[in-house]
Amino acid sequence: MSTATPPKAIDGTIGFADERFGTAGFLRGKMKKVFPDHWSFMLGEIALYSFIILLATGTFLTLWFKPSMGEVIYHGSYTKLDGVNMSEAYDSTLRISFDVRGGLLMRQIHHWAAVLFLASIMVHMLRVFFTGSYRKPREVNWLIGLGLFTLGILEGLFGYSLPDDLLSGTGLRITQGVMQSIPVVGTYIFYFAFGGGFPGHDFISRLYTVHVLLIPGILLALVGAHFMILWHQGHTQFSGKNRTEKNVIGKPFFPVFMIKAGAFFMFTFAVTALLGTFAQINPIWLFGPYTPDSITAGSQPDFYMGFLEGALRIMPNWETNLWGHTIPWNVLVPALLPLGLIMTGAALWPFIEQWATGDKKIHNLADRPRNAPFRTAVGMTAVTFYGMLWLAGGNDILADKFHVSLYATTWFFRGAVFVGPVIAYVVTKRLCVGLQRSDAAELHHGVEAGVITMLPSGEFVEMHQPVKEDAEAVLRGKQELPAIEDAGEDANGIPAPSSRGPLGKARKALNNAFTADDISIGNGHGNGHGNGHGEHPEAGTGDHKELSRG
Amino acid sequence: MKWITAWRRRPWAGYAVVLAALAIIGVAYAGASPRTDSAQASDTKTSEQDVAKGKALFSQACSSCHGMNAEGTKSAPSLIGVGAASVDFQVGTGRMPAMNPGAQIPRKKPIFNEQQTEELAAYIASLGGGPAVPSADQVDPSHADAALGGRLFRANCAQCHNFAGSGGALTGGKFAPSLDKATPKQIYEAMISGPQAMPVFNDTTVTPAQKRAIIAYVTQTRSEPNPGGNGLGRVGPVAEGLAGWLVGIGLMVVAAMWITARKPKKKHND
Ligand code: HEM
């Protein structure tokens, strides 16, 4: 199966294209692209496929959806809203749900795909972070990913606001509050965006253009860039037998991976269709149309906005009055701080790491999270911070389902949002170090064979056997964390210029953090490079393909 | 009478007979049993006898908290002037007699039957007026406008009970319960008596006709099927997010593991 040239059918097509566009070399190369097969490399693909599903179902919805705030009286088939005044947007969404054949299914698939899209982006990002796959040369793709995530959240928020039901209106009201809370320019931004008062007449139609045209367009371009870069750079891979920084071991794109990817697309579609058929999402007919005098318990945004909602819920009600202007910290801080912290932190992280470790090497081998305790711990800190805010966003549901006081949950999360991350940091770090120790022990003493023998002295011992070759390659794949070339002090005890000043000190401290908890696996830097550099066996074994990079 | 014999031979005849018998018994029973609805109509005069029986029941089951003459104690409020509706609601939903005072006295299986509840209500009403138990007609949702009810519900009730009456949390461990169990009469009584943390909606804020519309909305909403599949508890996006992660991402990860672990049929040697 390790044919390097694709069969006739494909080759013919490539030949056709080549005679006209001169693309054969490019395409043939792409067909041979090798994909490592670890399940976690498929997470990003869920996002890609749900995005495609979103484009398809969204286009279907545009055929009937009317992005207008014009007031109409409903006389559709959902009798419980008969004769109620509502906007055309809400009216048309009701019609999609009850009068358009397959409309409700499409709406539900669209919404479930949106949930899956953002959830898979999140897990995909976590995978990339915890394995250090964002390191050189992939920093740009990491940034593009963050852009996709941010835009995805916005796209979801706008889509959620389109039907003009009670929940989306409540969400918009909060969005408006956030806009207005921005000092100095807030009010202008609000008037500009809404074209007058709230909710006004223009906003839904503007949102619509942004939702179906602008953001999808940018997303499409970014997804394209993301994949072209990925294709050019290749995937990272976990270290293992025969795996080096210079090669990729896995399945060739054609035909194995292509079939798998196709099947995986079908899976994604099946799961969204399954959810769309059997699980009701966003039942706008139950929410009712938005009217400013109505509000409901359980007013929540979709999950991807949940952490902002949570921040808003637990923020104390602080405001300052400056020269007659109110600065509403109670809205400003929760709206901007958590998002800013997480996104800015994530964007800067690869560069901070490079700066602190002085590591400018190319990394194609993914780290096991335990082997980078500082990164892993910081990651878990952020995850916990996010998670606490997220839970806080559902505090009313938590309070209701577990019969605790709503105030108690608010106060709990006020503490937990600070204490939780600290605990997560410490625990994660301990865990990583512990796992590293046991790895080192395994390398040196072998694994427990499960065989107990009695020594002549009468003592029982368990036999150990050396680690299997495959497993050993994984263990030896651990890369020593680079300490910065210790500029230290020169003969006169004067610290080197690079470690002077606040910046130098900070760098030194960070460097320590990165390298401190490194348990050496001994035996002269075994790091999987042993059989890597220089000689890279080109021949694949069996159906496994191996390609050297570059 | 040949046709009867012919009919009796039909395979479905047996079922038809049983059904007919059941129908007759049902109608007879409905006619014979006391007409509970009209018995509770607000304009029905309660007899002296009811009041006396009610007082006896009260001193047994209620006076320890509410005082010998319902005048109230440290542990429970006075019931003078709360009216029959409040008693009918509290006792009919099993909240009273209260058991272990927590943050909120919950709904439970009623201890007293309808007759006894009426007697208790009659006794409390005799102490000084208050809203009467609504008549069957007052709470009958069948002719009411559920769409209007929905609008009123969203403006007045949804902030505590949630858009579909699924319930919601309040401060201090209190909660607005789900409205799945309350009967039309209890919904009406809840509005006019305002139990515990719930405000009173008197007839000027929400007219009797509007109350009936609200009852129509609540009863229709809770019996209406979910066209989109499982309703996920009708609590909104939190449950959807949970389902998206557990089912959506869960299934996809399993699929990813399965697909990457699959090897093409041809065996290789290693
Ligand atoms: C990443 C991409 C997208 C996300 C996250 C997203 C998300 C959403 C969400 C959450 C809704 C609310 C659905 C509901 O009513 O339950 C929505 C509605 C809508 N979306 Fe999208 N969407 C995306 C892309 C698109 C695209 C590409 C189109 C059109 C070409 C589109 C067209 C629509 C329309 C017309 C509606 C309103 C109809 C309705 O609410 O049922 N969407 N979107």
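The values are calculated or read from the model by the stated rules, or taken from the named source; none is laboratory data. Being a predicted model, the structure only gives us computed values, none of them experimental. With ideal geometry, Cβ positions are generated from the backbone for all residues, glycine too; neighbour counts draw on all protein chains shown.
For the reader, a short list of remarks on this structure follows.
- With respect to (1) out of contact with any Lys or Arg (no Cβ under 8 Å at 6 or more places or on another chain); (2) at pLDDT 90 or above, the lone exception for residue A:398 is condition (2).
- Checked against (1) within 14 Å of the ligand (Cβ to nearest atom); (2) crowded, with 23+ Cβ neighbours inside 10 Å, residue A:34 meets all criteria but (1).
- Qualifying residue in the stretch B:208-225 (condition: more than 9 Å from every other protein chain (Cβ to nearest Cβ), closer than 30 Å to residue A:412 by Cα and either within 14 Å of the chain's Cα centre (by Cα) or surrounded by fewer than 23 Cβ atoms within 10 Å (Cβ to Cβ) (or both)): no
- The single residue among A:124, A:110 that is touching a helix residue (DSSP H, G or I) at 6+ places or on another chain (Cβ under 6 Å) and either more than 9 Å from the ligand (Cβ to nearest atom) or on the phi > 0 side of the Ramachandran plot (or both) turns out to be A:124.
Each row is one residue, and each column tells you yes or no for (1) at pLDDT below 75; (2) over 20 Å from the mean Cα position of the chain (by Cα); (3) more than 30 Å from residue A:100 (Cα to Cα).
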site: A:5; (1), (2), (3): yes, yes, yes
site: A:13; (1), (2), (3): no, yes, yes
site: A:16; (1), (2), (3): no, yes, yes
site: A:27; (1), (2), (3): yes, yes, yes
site: A:32; (1), (2), (3): yes, yes, yes
site: A:40; (1), (2), (3): no, no, yes
site: A:45; (1), (2), (3): no, no, yes
site: A:57; (1), (2), (3): no, yes, no
site: A:62; (1), (2), (3): no, yes, no
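- Candidate set from the stretch A:137-163 (those that are more than 14 Å from every other protein chain (Cβ to nearest Cβ) and β-branched (Val, Ile, Thr)); member that is nearest to the ligand (Cβ to nearest atom): A:150
- Unmet criterion (only one of (1) in a helix (DSSP H, G or I); (2) in contact with a strand residue (DSSP E or B) (Cβ under 8 Å, 6 or more places away or on another chain)) for residue B:90: (2)
- Of the residues in the stretch A:432-454, at least one is free of Cβ contacts under 8 Å to residues at least 12 places away in the same chain and under 24 Å from residue A:378 (Cβ atoms).
- Within the stretch A:301-318, the set of residues being crowded, with 24+ Cβ neighbours inside 10 Å and in a loop (DSSP other than H, G, I, E, B) comprises A:301, A:302.
- So residue A:346, is it over 17 Å from residue A:417 (Cβ atoms), touching a helix residue (DSSP H, G or I) at 6+ places or on another chain (Cβ under 9 Å), part of a helix (DSSP H, G or I) and of a type in the set (Gly, Ala, Ser): yes
- The residue that is nearest to the ligand (Cβ to nearest atom), counting only those in the stretch A:164-192 that are β-branched (Val, Ile, Thr), over 29 Å from residue B:157 (Cβ atoms) and part of a helix (DSSP H, G or I), is A:189.
- The stretch A:244-289, subset at the interface with another protein chain (Cβ under 8 Å from one of its Cβ atoms) and among the β-branched types (Val, Ile, Thr), residue surrounded by the fewest Cβ atoms within 10 Å (Cβ to Cβ): A:277
- Check on residue A:221, among the small types (Gly, Ala, Ser) and either within 16 Å of the ligand (Cβ to nearest atom) or within 29 Å of residue B:227 (Cα to Cα) (or both): yes
- In the stretch A:324-335 there is at least one residue matching the filter, namely being out of contact with any Phe, Trp or Tyr (no Cβ under 6 Å at 6 or more places or on another chain) and part of a loop (DSSP other than H, G, I, E, B).
- Filtering the stretch B:149-198 to residues that are at the interface with chain A (Cβ under 8 Å from one of its Cβ atoms) and assigned to a helix (DSSP H, G or I) leaves B:150, B:151, B:154, B:155, B:158, B:159, B:160, B:161, B:171, B:172, B:173.
- Among the residues of the stretch A:288-336, those that are among the hydroxyl-bearing types (Ser, Thr, Tyr) and more than 15 Å from residue A:173 (Cβ to Cβ) comprise A:304, A:320, A:326.
- Those helices (runs of 4 or more DSSP H) of the stretch A:17-129 in which at least 2 residues are in contact with an Asp or Glu (Cβ under 9 Å, 6 or more places away or on another chain) and within 14 Å of chain B (Cβ to nearest Cβ), considering only elements entirely within it, cover A:88-98.
- None of A:83, A:76 is in contact with a strand residue (DSSP E or B) (Cβ under 7 Å, 6 or more places away or on another chain) and either modelled with pLDDT under 95 or within 12 Å of the ligand (Cβ to nearest atom) (or both) except A:83.
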